[in-house]
Amino acid sequence: MGDFQLNNEVITRLVTQAGGIILKVVLILVLFFIVRAIGQKVIDRSFQSYQKKNEANGARIRTLEKLTKNIFSYALLFFTVIMTLQNLGVEATSLIAGAGVVGLAIGFGAQGLVSDIVTGFFVLLEKQIDVDDYVTAGSLDGVVEEVGLRTTQLRGFDGTLHFIPNRYITTVSNHSRGNMRALVDMSISYDDDINKAIQVLEDVCEKVAAEDSSFVEGPNVIGVQALGASDVVLRVIGKTENGMQFAAERKLRQAMKEALDANGIEIPFPHQVYVEKKA
């Protein structure tokens, strides 16, 4: 009977201890989500206030905002794991000390992660890319949505979101720095008057430039660019505000096509001639 009571007391004590540990772990997790939500709101408000004072550096500020949230989340998660382990009876100090030995053992496997972080740091430090920049990184191109410690998120024009490890960003072409070039090649037939065609296109360029404020220079007809198999290629070049070059090129093509048609100037297309040989 005495042994039965003793066992009951031990079980009760163990259940009470386990319940206390579980309750502490739950409280730590709840605290983690609360602190993360509050921290992200504080970061949002801080950067919004800073952006109002520095509107010219909007893209750079958004990049740093996302990076700050990234670092905050990693740091908060680290402290949450340490606190949880301590409440489970695991010595955090000895765990961290042991992590050095384990880290040495898996160091070769973690080289990629270290390379990602270092490369990401220099990409940000050298201001190679910012959020909302249109860039080409390796074989991928798109708009930057986030620059993190480990990966950079690039949204392709087909809607695909690419997660690129930072170590693979060895060459970056940033298309969002400074004014952009709008280039349109327009073909006419060999039978048409080149000077007349150039004059018609010049008139179109003047009209489009007056209507479209995105042009900061030109557009102008450069002249004959190439002599093709069945066409004479005339080139038009202008400079537009950043990101507006594609819309400007589309507008120029339509206006030039309509003007050439109105003036009876042919835009050639491939022809096939069949010769029937009779016996």
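Screening Ser230 against (1) of a type in the set (Gly, Ala, Ser); (2) at pLDDT 85 or above; (3) more than 23 Å from His175 (Cβ to Cβ) leaves a single unmet condition, (2). Annotation note: of Ile222, Ile198, Ile164, Ile117, the sole residue that is β-branched (Val, Ile, Thr), in contact with a strand residue (DSSP E or B) (Cβ under 8 Å, 6 or more places away or on another chain) and outside the structural domain of Ala247 (by TED's automatic domain parsing) is Ile164. List pairs: first residue in the stretch 70-87 and within 11 Å of Phe32 (Cβ to Cβ), second residue among the polar types (S, T, N, Q) and surrounded by 14 or more Cβ atoms within 10 Å (Cβ to Cβ) anywhere in the structure, Cβ distance under 9 angstrom, at least six positions apart or on different chains. Hits for this filter: Ser73/Gln40.
Restricted to strands (runs of 3 or more DSSP E) entirely inside the stretch 135-244, those with at least 1 residues that are under 30 Å from Ser115 (Cβ atoms) are 140-147, 151-155, 161-165, 172-174. With respect to the conditions (1) more than 27 Å from Tyr134 (Cβ to Cβ); (2) touching a residue at least 40 places away in the same chain (Cβ under 8 Å); (3) not in a strand (DSSP E or B), Met256 lacks only one, and its number is (1). Exactly one residue out of Glu211, Glu249 is closer than 26 Å to Leu140 by Cα and either touching a Lys or Arg at 6+ places or on another chain (Cβ under 9 Å) or not assigned by TED's automatic domain parsing to the domain that holds Val123 (or both): that is Glu249.
The residues of the stretch 156-180 that are among the charged types (D, E, K, R) and surrounded by fewer than 16 Cβ atoms within 10 Å (Cβ to Cβ), listed by number, are Asp158, Arg177. Among the residues of the stretch 187-198, are any under 30 Å from Asp133 (Cβ atoms) and surrounded by 15 or more Cβ atoms within 10 Å (Cβ to Cβ)? Among the residues of the stretch 187-198, not one is under 30 Å from Asp133 (Cβ atoms) and surrounded by 15 or more Cβ atoms within 10 Å (Cβ to Cβ), which makes the answer no. Listed by first and then second residue, the pairs with beta-carbon distance under 6 Å, at least 6 apart or on different chains, first residue in the stretch 28-46 and part of a helix (DSSP H, G or I), second of a type in the set (Ser, Thr, Tyr), are Ile28/Thr84; Phe32/Thr80; Ile43/Thr68.
The values are calculated or read from the model by the stated rules, or taken from the named source; none is laboratory data. The shown structure was predicted, so the numbers you read here are calculated from the model rather than taken from an experiment. Cβ coordinates were reconstructed from backbone atoms using ideal geometry, including for glycine residues, and neighbour counts include every protein chain displayed.
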